[in-house]
1. Can you tell me which of (1) part of a helix (DSSP H, G or I); (2) out of contact with any helix residue (DSSP H, G or I) (no Cβ under 9 Å at 6 or more places or on another chain) is the one residue 35 doesn't meet?
2. Output the residues belonging to segment 13-31 that are part of a helix (DSSP H, G or I) and loosely packed, with under 13 Cβ neighbours inside 10 Å.
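Taken together, the values in this text are just the output of simple stated rules run on the coordinates, not laboratory data. As the structure is a computational prediction, the values presented were derived from the model and not from experiment. All Cβ positions, even for glycine, are placed from backbone atoms using ideal geometry, and neighbour counts span all protein chains on display.
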């Protein structure tokens, strides 16, 4: 069976929605084995995409907050 590269989702939210739908189909127990394997592979790719996006945003926040965070003092 040849491997085909599926496109990355348009956004984090789109990836998360697709992942939730995919998990629902997998958990239903109604998928044939080959579709189950393909679904698992797609789910792993979606999860990696989401993690990468979250890490990128976290890095941007750290850059924005660098030096801007000050300890809270009550006067």
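1. (2)
2. Of everything in segment 13-31, those that are part of a helix (DSSP H, G or I) and loosely packed, with under 13 Cβ neighbours inside 10 Å turn out to be 13, 20, 21, 24, 27.
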